[in-house]
Every structure is written in C-alpha cells, then in structure tokens.
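A.B. asks: This structure is in structure tokens; I'll ask about it shortly.
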C-alpha cells in the first residue's frame, strides 16, 4: 500500500468522524430542546395533578372537574408527542452510529492487514540485507543519501501506521460505547411512552364518565350558565361605570397626566410579558365566545380568562397602578379593578383583600387570595381593558 494511498484513506476516516461529530451538534441541540419541553410538560402535569386531588375532595361532578381532566389529557398528549420526537431522534442517531462503526471496523481491518504485510516485508528485507550494509554499499554519496532517506521514510511510515491503528481503535471503542448509551436511552423513552399512554387512556375514561354524568344534569348546567352570564354582565357594568367616571373626573394636574401617560406606555410595552396573576394553574376558560364543554349547542361568552388553580392561592398585581375600586358581585365574590393609565385589569372571585380603593400598588404585589367554591373549584376571573375595549388577557401574559 503506497504512502499516498494511506494518507488519502486516513483523511477519509477522520473526515467521516469530524462530519459525524459536527452533525451531532444539531441533534444534540434538538434533544436539549426536547428535554426542556419535557420538563415543562412534567411540571404542568404535576401542577394539574395537585388541582385534580383538590377537586376530588368534593363528590360533586362539575365542569371544573372536567376542565382539569381535559387539561391533564392535553398535558399527557403533549408529553407523548415529545417522547415520540425524542425516540425518532435517537433512532436517527443509532442509524448514523451503526454506519460510522461499520466504516471504522472496515478501516481497522484494512490497517491491520497492511501493517502485517509491512512487518512481513520488513522482516524479509532484514534477512537478505541488513540496513547498514544497504546504506554503506552505496556507490556514491547521492545514492547513500537516497537509501538513508528511504529507510527513514519507511520507519516513519510504520510509526504513522501504528498511530492510525490506535486512533481508529480508540474512535471505534468510543462510538460503540455511544451506541450502547443511545440504545439504552431509547429503550427508556419507549418504556416511558408506554406508561404515559396507559395514563392517558385512564384519564380519557374518567373524562368520558364525567361528561356522561354532566349530561344527565343539563338543567343544572343551564342554570349555572345563566347565573355566570348575569355575573359577567354585572362585572361589565361595574368596570364601564368606573372607566366612565374616571375619564369624566380627569381634572388632573400636568404631572398627573405625565404619570398616566408613563403607566399607559409601560403597560403597552409589556404585551406578552406580563406575569401571571397567580403562581400556578391553567387557563380553564378562554377569552371570547366558544361552545360549552358539555352542552355543545350552547355558546358561552367570556370577557376575560378563567385561571383554575390551587386552594387559597395568592393573587398578584400584573403591573403597577392605582386601585380604582373594590366591590362585591354575586357569583364573582370580591372584585378589584386596577388603573394603569388607559389600561385596566380586573381580578374577581377573591377573598382576604389586602388593598383598598385608592392604594398605589406595585407589579407582583399580593392583592388578595382566591375563593374556593362549594364544588371545590378555585378559579380566578381575570380581565384586561383598554378604555372601553375588552382585550384578550392570554395575549398579554407570559406564555406557559
């Protein structure tokens, strides 16, 4: 085998290893992203499970129970999708690793065969003519120099061949270990996927039973829908009256106007960045009009969002401002409305209020606790307004 041929193959081997290592960066980034997503999903599952346990303390079958089961089903489905993506990523890496290992095994075999052949020829050469005599039998200095250089290059070539064998052997061992690790990881993910699928099927069974039970109580559900509609209308009137009165009585100094302008601009710049008004929980009822979760023929309207959470959860101000009013609305319990210039935030279903009308509050300040109703459901009604226009709070708070 010529020196040029060996050099060419050596570069091919290590170019293949480099290319594999470079390509591994992207799957690794992808897997890191998947692992982060999985951690978030598991956190959501744990959070929802806590709420499920609390709602199970009440024997009543309610829409609140259905909401948290629906959310947990979504959490489990997201986790399973994540696991499937990770399994696929591991499969792709296994295919690449097997291909690389095959190439390395092939090259390792060729290198060993070449080295054995080299040793054999070297032995024959030494037996017929020793190297010193080969050099000193030269006819002139030029021939002696060429022969000396030949022997030197031949020795160097042998050392290089040994180095190549050692490098390929080490890389082969590393990749075989990596393959075992990836196989183990994939098997673990597959077991987790099976486990999550079993849990998902059990949740779907509970969901089906709850919907069946709720369908038997449609009269009661329709009354709940109507009571909620009346409560939301009263909330609507309350905030509209507050906004109108505050605009009418806006006989403020220039400094006050500047402060309100700063509040408005500050609030506007935080779209999609506002912290949640509660530390944990999920959106159980979205903004706008949509079908009722059980009676699909009935449309229900929401002027804000409902966030279902744990018992006695604290409620926090999402932005700095001034408390415009504190009120009580049947069906919504205590209500706090906060002024942020042209913007207003409304928090309902509260107890143990900490702030009063006229208080200046800071972002993240605790303003109250949430009421848990007789069905064991703890839920915040949260609204955002710009003057007389209702806004979708989900677009303003941080995405979870």
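A.B. asks: Using Cβ contacts closer than 10 Å as the measure, can you line up 236, 306 from fewest to most?
C.D. replies: Ordered from fewest to most neighbouring Cβ atoms within 10 Å, 236, 306 come out as 236, 306.
A.B. asks: Determine, at each q value in 0.19, 0.23 (inverse angstroms), the log₁₀ of I(q)/I(0) that the Debye formula gives when each Cα of region 258-375 is one equal point scatterer.
C.D. replies: -1.10, -1.41
A.B. asks: Give me the distance in nm between label points sitting 7 Å out from Cα along the Cα-to-Cβ direction at residue 191 and residue 247, one decimal.
C.D. replies: About 6.3 nm separates the two model spin labels.
A.B. asks: Give me the number: length gained by fully extending residue 398 to residue 202, i.e. 0.36 nm times residue separation minus the C-alpha to C-alpha distance, one decimal in nm.
C.D. replies: So the chain would gain 67.4 nm between residue 398 and residue 202.
A.B. asks: Can you put 96, 62, 33, 309 in order of Cβ neighbours within 10 angstrom, beginning with the fewest?
C.D. replies: The fewest-first ordering by Cβ neighbours comes to 33, 96, 62, 309.
A.B. asks: In addition: Return 340, 292 ranked ascending by Cβ neighbour count within 10 Å, so the fewest neighbours appear first.
C.D. replies: 292, 340
A.B. asks: Continuing with the same structure: Taking the Cα-to-Cβ direction at residue 77 and at residue 295 and moving 7 Å from each Cα, how far apart do the two end points lie in nm?
C.D. replies: For residue 77 paired with residue 295, the spin-label model returns 2.5 nm.
A.B. asks: While we're on this one: Give me the Kirkwood hydrodynamic radius of region 205-297, using the inverse of the mean 1/r over all pairs of distinct Cα atoms, in Å to one decimal.
C.D. replies: With all distinct Cα pairs of region 205-297 included, I get 17.9 Å.
A.B. asks: Please compute the modelled spin-label separation between residue 180 and residue 259, points set 7 Å along Cα→Cβ, answer in nm with one decimal.
C.D. replies: Going from the residue 259 label point to the residue 180 one covers 7.0 nm.
Read-outs: derived from the displayed coordinates by stated rules, not from any lab. What you see is a predicted model, and the numbers here were worked out from it, not measured in a lab. A quick note on method: Cβ atoms are made from the backbone with ideal geometry, for glycine too, and the neighbour counts reach across all protein chains shown.
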